[in-house]
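See below for the structure under consideration.
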Amino acid sequence: MTPETLIGTAVDLGIDKDPRGRRALEAKLKSRKERFRDLPRADQSRYDVASLSNPFGDTRLVVNGQGVEIESLLIGIDIGPEEVFLGDKLKKKDGTSPMIISHHASALGKALASVWDTIDVQIHMMKEAGVSSEEADRVTRELEAVKEKNRIQGNPRIIQRAEAADIPLASIHAPADLYAHAHIMDKVTEFEPTTVAEFLEVVGQVKEFQGLPDKRRVPRLTLGSTRAPFQPAYFSLIGGWNPLASGIEVLAQAGIQTLVMIECHAELSRMARKHGMNVVLLPHYPYDSLGLNLLLDEVMSVTGESFQIFACSNYLRLERNNRGEGETWK
Ligand SMILES: [Fe+2]
Ligand SMILES: [Fe+2]
């Protein structure tokens, strides 16, 4: 499998798990292509052409590796220069070509091609939660302005090292988080937790959340009561950004009782407290690992190809047997 096929397959699978639906995302790509066609040549040459077939601004192949066939993957949540060095060692040791994948696009700088692509799913989710179109659009635009201003430039040394070592390098963010989100939503649909305690019990069954004996690595309630009703809940688990405090306020006004998140900083917490909401945090790296694990299992299943996986940088590999016969930590 080539690096392009791997990324293309991950993107295609991610589209099927996106709450906006395949048709909405394909319509978005179609109008993007029409706008691209009308651009002057000079602007076309500077255009991020990957965005014409990939709706996820945080999932990009940044070093192609000149047509290599992938035999192994070196995957981490945040890839740094050390992991590229490790990839080069692996390549020299057994002559196979590893491809390096970072979950967080911010680690690779130009892999985060579009902040808006990662944020606009929130408009859809807020509307589903009962927020008006105008309010959802307003608070999401505010979030975009803040995130674009504080955008991390990333580390060009990682890309330069991968180019020098001729090792393919990519980020896979949205498709993995979409898989983890869909998994959590499936569990909620299956078990229908009515209280916060019941929800904690349901997500506590996820194997990735049991991996390490560290209380920050298990699902936990940081605000509210375990006896409180769980629904209506808002799941801020995709896109990589939480709403701003103004977003939490409009969600509270729409009747949301529980926020399920990965991180919740003080300002959001204050707003949630003001409105008497519950806040449940899912552990960050285990959640990212869950998404990558489900996605990689699916990539191997649909392509019929398997590759050796080296887990690094806070990623924990757990392989689920597609025949339902169990799970194995690798
Ligand atoms: Fe993630
Ligand atoms: Fe993350």
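The values are calculated or read from the model by the stated rules, or taken from the named source; none is laboratory data. The model shown is predicted, which means the values in this text are computed figures rather than measured ones. Note: ideal-geometry Cβ built from the backbone for every residue, glycine included; neighbour counts use all protein chains shown.
Contact annotation: residue pairs with Cβ atoms under 8 Å, 6 or more positions apart or on different chains, pairing a residue in segment 46-72 that is in contact (Cβ under 8 Å) with a residue 24 or more places away in the chain with a partner that is aromatic (Phe, Trp, Tyr), are 57/116; 70/307; 71/307; 72/307; 72/310. Considering 100, 75, the condition of being under 16 Å from the mean Cα position of the chain (by Cα) and at pLDDT 90 or above is satisfied by 75 alone. Can you pull out the residues in segment 261-314 that are touching a strand residue (DSSP E or B) at 6+ places or on another chain (Cβ under 8 Å) and among the basic types (Lys, Arg)? The one that is touching a strand residue (DSSP E or B) at 6+ places or on another chain (Cβ under 8 Å) and among the basic types (Lys, Arg): 273. Report yes if some residue within segment 121-133 is of a type outside the set (A, V, I, L, M, F, W, C), modelled with pLDDT of 90 or more and under 18 Å from the mean Cα position of the chain (by Cα); otherwise report no. The answer is yes, given that some residue of segment 121-133 is of a type outside the set (A, V, I, L, M, F, W, C), modelled with pLDDT of 90 or more and under 18 Å from the mean Cα position of the chain (by Cα).
Inclusion of residue 157 among residues that are surrounded by 15 or more Cβ atoms within 10 Å (Cβ to Cβ), outside the structural domain of residue 222 (by TED's automatic domain parsing) and farther than 28 Å from residue 13 by Cβ is not warranted. Of all residues in segment 252-268, those satisfying the criterion of being under 11 Å from residue 242 (Cβ atoms) and away from ligand 1 (no atom under 16 Å from the Cβ) are 259, 265, 267, 268.
Checking each residue in segment 78-97 for being surrounded by 22 or more Cβ atoms within 10 Å (Cβ to Cβ) and within 18 Å of the chain's Cα centre (by Cα) picks out only 79. Against the list (1) touching a strand residue (DSSP E or B) at 6+ places or on another chain (Cβ under 9 Å); (2) touching a residue at least 60 places away in the same chain (Cβ under 8 Å), the condition residue 179 fails is (1). Scanning segment 30-51 for residues that are of a type in the set (A, V, I, L, M) and either surrounded by 15 or more Cβ atoms within 10 Å (Cβ to Cβ) or not assigned by TED's automatic domain parsing to the domain that holds residue 119 (or both) turns up just one, 50. In this structure, residue 142 does not qualify as more than 26 Å from residue 48 (Cα to Cα) and assigned by TED's automatic domain parsing to the domain that holds residue 19. Within segment 171-188, take every residue that is more than 10 Å from ligand 1 (Cβ to nearest atom) and among the aliphatic types (A, V, I, L, M) and give me the one that is farthest from residue 101 (Cα to Cα). Only one residue fits best here, namely 188.
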